[in-house]
Structure formats: C-alpha cells, structure tokens
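Structure record follows, encoded as structure tokens.
The values are calculated or read from the model by the stated rules, or taken from the named source; none is laboratory data. Just so you know, these numbers come straight off a predicted model, no measurement behind them. When we count neighbours, we look across all protein chains shown, and the Cβ atoms used for this are built from the backbone with ideal geometry, even at glycine. Remember, those area values only see protein heavy atoms, side chains included, never the ligands or the DNA or RNA. Shrake-Rupley method; radii C 1.70, N 1.55, O 1.52, S 1.80 Å.
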Amino acid sequence: MTSLTGRALRLTVYIGEDDTWHHKPLYSEIVHRAHAAGLAGASVFRGIEGYGASSRIHTSRLLSLSEDLPVAVVVVDTEERVRAFLPQLDELVREGLVTLDECEVVRYVGRAPGPDPASAGPEAEEPL
C-alpha cells in the first residue's frame, strides 16, 4: 500500500458518463490506469446536473435529458506521481476538463490485510 501524508496533488477529470475508450466507460479506463500506475487512489463521482465546453445542460431531473450525466474522476497522490500520469490522460480524454489542485492529506489508511469480512460471516465484523 502507498504511504501518503502531507502535501499532495488532486487530479480531477470531468467527463461525460457516456464517454468511452474502446467500447468501455472512459471513467473506468482512467481508474484502471491510475491503479496500474500505482497511484494512491481514485474515485468516480456521478453528477446530477452540469454542463461543460459544449454548453449543453445534462440533468437527471428530466427523463429526456438524463443521458450523459457529468462524471468526475478524482485521484490524489504525490505531485510527482500525478504529473507522471498526465500523459495517459492526453491519450484518453478527448472532451472534458482536467484540473490539478494542491491539497493536504490528513489521513490515508486502508483496510488491514486478512480475511475478507464479507465472506467470513458475522463473527468477522469489526466492532463499532
């Protein structure tokens, strides 16, 4: 597991939910490539409404406009690792917005190694 505390860089990629890379969701390809590159973590957030450079509003409120909702892929890691990943985004992102923000990691802790609690039954649950 990557150790990460202190100064970091947050990469946010704003794309459409329907954007694809070789018939696969683009957001999924970005996450898998970030994982393969050893970045500390990535998350995908689906928006309920938004617009971008095309000025076309996408919203979940009306059925006729509920396609291609905005998606944000957020990656946080050291500046060096995030900047090394940017060339991959040049290849992948044809339409959208890519931003970088300095941030501070206060806590970054993963699950302890061991049996998967979901498959071990109720006695393996962590106490509250």
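If packing is taken as the average number of other Cβ atoms within 10 Å across a peptide's residues, how do 10-16, 35-41 rank, most packed first? Provide the component values of the computation, followed by the final result.
Working: 10-16: 20.0, 35-41: 14.7.
Descending mean neighbour count gives 10-16, 35-41.
Positive contributions from Lys and Arg (+1) and negative ones from Asp and Glu (-1), summed over other residues with Cβ under 10 Å from the Cβ of Val105, come out at +1. The amide H of Asp68, built 1.01 Å from its N in the peptide plane, has Asp18 as neighbours under 5 Å, considering only residues 5 or more places off or on other chains. Subtracting the Cα-Cα distance of Leu100 and Thr12 from 0.36 nm times their residue separation leaves 31.0 nm of extension gain. Rounded to the nearest 10 square angstrom, Asp90 shows an accessible area of 120 square angstrom against a 1.4 Å probe.
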